[in-house]
Amino acid sequence: MDGSTTTRVDYGSEEAAMQAYLREGEKRAAALGNRGPIRFTPSGELSPDILDAYWRCGFYIFEGVLKADELADIERDLHEILDRLPVERGAAVDAKGRPALAVDCEGPNLLWSKPLGDPFGGTDLANGRHPVKMFEPQAAAGAPKEVVYLILGSLQFSEAALRVYGHPQLLAVAAAINGLDFTPFNEALFIKEPGRGASVAWHQDGVTHWNSPDWDQGIHGFNFMGQLYGCTAANGVWVVPGSHKRGKIDIRKLVAEAGSERLPDAVPIIARPGDVAITNRQALHGSFANTSKDWRVTVNMGFHRRKSVLGVSGGGVHNKAAVYDADRIARRARMIGYGIDARRQRFPQEVPYVYRPHAEAGLVYRWDDKARAEIRDYNLLDLSI
């Protein structure tokens with residue numbers, strides 16, 4: 001995809017300040033030393049320098065993880081998803097009159113925003129964790145009233161995304177950070193269309209454990225963010241390095257001290273097509289409205305430590321709050337088994353990842369038509385803390 005049909009967006013008097021901020025952010029990001037290919041030691045452990053950089057910065061960019069054939073698969077699924085979106089919020093059909101994507105789902109799936117809007121900032125949504133509204137540029141004439149910018153439960157809509165979920169190296173990274181018995185969190189597809197893509201106000205993920213006596217820098221897990229087209233300072237996620245170590249941050253105070261939502265210590269995640277960033281969920285992060293000519297499409301998937309979710313009353317951000325028992329965790333973790341087998345079928349030359357909880361229980365998952373039907377509304381079981 002490209003931005004050739006995009007007309008100029010009016011950023012108003014903020015334009016010069018914003019462009020300077022983007023350039024300075026790129027310089028700060030380049031100096032962090034937190035990017036490179038996924039590497040393991042001869043004994044199979046994640047390279048210690050990667051772990052050190054991740055825990056120091058709160059994020060890391062793994063380069064070249066998804067190859068050209070896999071990116072082509074994701075793009076085909078993306079086009080099908082975009083083609084099947086409802087003609088407007090609440091509509092039952094797509095532009096061709098067919099039943100729209102997710103119209104038969106019970107769970108939350110499609111999140112809408114006005115073009116270049118900030119639907120969460122300054123509201124009580126998502127437990128009020130986005131306390132400050134981002135600047136909302138004026139979209140070009142002719143833009144639609146609303147756009148879909150986030151699709152939850154995305155693995156049921158894209159087999160290519162499910163195969164990314166079963167990526168052996170990414171799952172090995174999850175085990176290195178969250179333990180061999182790591183659990184799922186949730187998955188999503190972020191769509192930042194040129195000249196229309198919504199912002200995500202500054203926030204820290206995580207609700208449940210901020211005041212826990214067992215709190216530490218990794219207790220709320222992490223997200224992988226696979227990039228289909230890459231991401232830039234203008235359309236990517238920005239992170240305040242090291243903020244995952246600071247506990248709950250007073251975001252209103254930071255923005256007030258900065259004089260705008262352009263936080264001076266934040267840096268952008270810069271990535272090429274096929275790169276996969278990993279971001280600690282406690283890190284302060286957000287993204288600006290996409291006034292650029294470039295698409296950003298992110299395959300997002302998160303993982304937790306088992307001990308962070310077992311027996312815990314969920315945060316209720318992504319679904320209804322519930323106590324997460326072993327049965328719920330096991331049912332949600334079926335998606336890992338399905339992802340591994342879906343990937344095995346598409347990439348038989350790879351050595352599949354062995355997920356320890358399934359291996360110890362003697363469980364074998366097969367990705368077939370029965371499984372496709374079974375995973376409908378799987379995200380009702382998300383493990384949201």
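Overall, the range 12-304 carries a charge dipole of about 560 debye about its Cα centre when +1 sits on the Cβ of Lys and Arg and -1 on the Cβ of Asp and Glu, all other atoms neutral. Straight Cα distances below 23 angstrom link K253 to the lysines K133, K245, with same-chain residues fewer than 8 positions distant left out. Is the shape of the range 83-197 rounded, prolate or oblate, going by the alpha carbon gyration tensor and its root eigenvalues a ≥ b ≥ c, with a/c under 1.5 for rounded and a/b larger than b/c for prolate? Note, shape of the range 83-197 comes out oblate.
Each of the peptides 299-308, 344-353, 267-276, 45-54 was scored by the mean count of other Cβ atoms within 10 Å over its residues; in descending order, highest first, they stand as 299-308, 267-276, 45-54, 344-353.
Each Cα pair under 8 Å and six or more residues apart adds its separation to the average, and for the range 12-304 the resulting relative contact order is 26 percent. Dipole of the chain computed with +1 at Lys/Arg Cβ and -1 at Asp/Glu Cβ about the Cα centre; of N379, G166, T208, farthest Cα towards the positive end is T208.
A straight line joining the Cα centroids of the range 327-385 and the range 178-216 runs 21 Å.
Pull out a ≥ b ≥ c, the square roots of the eigenvalues of the alpha-carbon gyration tensor of the range 198-345, then state rounded if a/c is under 1.5, prolate if not and a/b is larger than b/c, and oblate in the remaining case. It is oblate, given that a/c is not under 1.5 and a/b is not larger than b/c.
Placing R0 at 30 angstrom, the Cβ-Cβ distance between L180 and R331 gives a FRET efficiency of 0.95 after rounding to 0.05. The simple Förster model, with R0 at 45 Å and r as the Cβ-Cβ distance, assigns A361 and S260 a FRET efficiency of 0.30. Relative to a virtual label point 7 Å from the Cα of W210 in the Cα→beta-carbon direction, which members of the range 121-152 show backbone nitrogen distances below 17 Å? Only 121-133 fall inside the zone, counting backbone N under 17 Å. Taking a Cβ cut-off of under 10 Å around Q345, the surrounding Lys, Arg, Asp and Glu residues balance to a net charge of +2, with basic ones at +1 and acidic ones at -1. About its Cα centre, the range 67-145 has a charge dipole of approximately 380 debye under the convention of +1 per Lys or Arg Cβ and -1 per Asp or Glu Cβ, with nothing else charged. Give the shape of the range 141-252 as rounded, prolate or oblate, defined through the alpha-carbon gyration tensor: a ≥ b ≥ c are the square roots of its eigenvalues, a/c under 1.5 means rounded, and otherwise the shape is prolate if a/b is larger than b/c and oblate if not. Note, shape of the range 141-252 comes out oblate.
Residues whose amide H falls under 5 Å from that of N319, counting only those 5 or more places apart or on a different chain, are absent, with hydrogens built in the peptide plane. With a Förster radius of 25 Å applied to the beta-carbon distance between A141 and K293, the computed FRET efficiency rounds to 0.90.
None of the figures in this text is laboratory data; all of them are computed from the coordinates on show. Everything numeric here is computed off the predicted structure, so don't read it as measured data. All Cβ positions, glycine included, derive from the backbone under ideal geometry; neighbour counts span all protein chains shown.
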